[in-house]
């Protein structure tokens, strides 16, 4: 499986999940390392756009392609398995508990979860502490330039 991450270029080779560990997020509490990725580049942009004004996605961003070999353990969570408040804003503690449990159990390298932004698509949460993480590889890093029509005032 190839997954994608949109981030500042300076962090484009960092798969440690330290940024999420420092701030926490929808799927992890503070002090729990996790790497947030998406199954498509477009979903990466949408997920970034809800957290950061598009005009701040400037020339110092990169789109990272990451290979998760198909034989690594990956779990998919369906909408039916999620608590009713899974996609609320601000995010709920219930989703953080789901993600924290995924990391602490150490059973899977990745957890596929529906996107709160586009629920028919999936984000992929990576456990950077999993022993098989060494098999997960960055395959491409490309400068990302946002189309100025997305940031133009109308």
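Taken together, the values in this text are just the output of simple stated rules run on the coordinates, not laboratory data. This one's a predicted model, so the numbers in the text were calculated from it and none came from an experiment. Note that each Cβ is placed from the backbone with ideal geometry, even for glycine, and that neighbours are counted across all protein chains shown.
Each part gets one Cα centre, and for the range 87-125 versus the range 27-84 those centres are 10 Å apart. Expressed as a fraction of 2.2 N^0.38 Å, the value expected for a compact globular protein of N residues, the C-alpha radius of gyration of the chain is 1.01. With a simple spin-label model that places each label point 7 Å from the Cα along the Cα-to-Cβ direction, the separation between residue 81 and residue 151 comes to 3.8 nm. The length gained by stretching the chain between residue 58 and residue 16 to full extension, at 0.36 nm per residue less their Cα-Cα distance, is 12.8 nm. Take the Cα of residue 67, step 7 Å toward its Cβ, do the same at residue 135, and the gap between the two points is 1.3 nm.
When each of the peptides 94-101, 77-84 is scored by the mean number of other C-beta atoms lying within 10 Å of its residues, the order from highest to lowest reads 94-101, 77-84.
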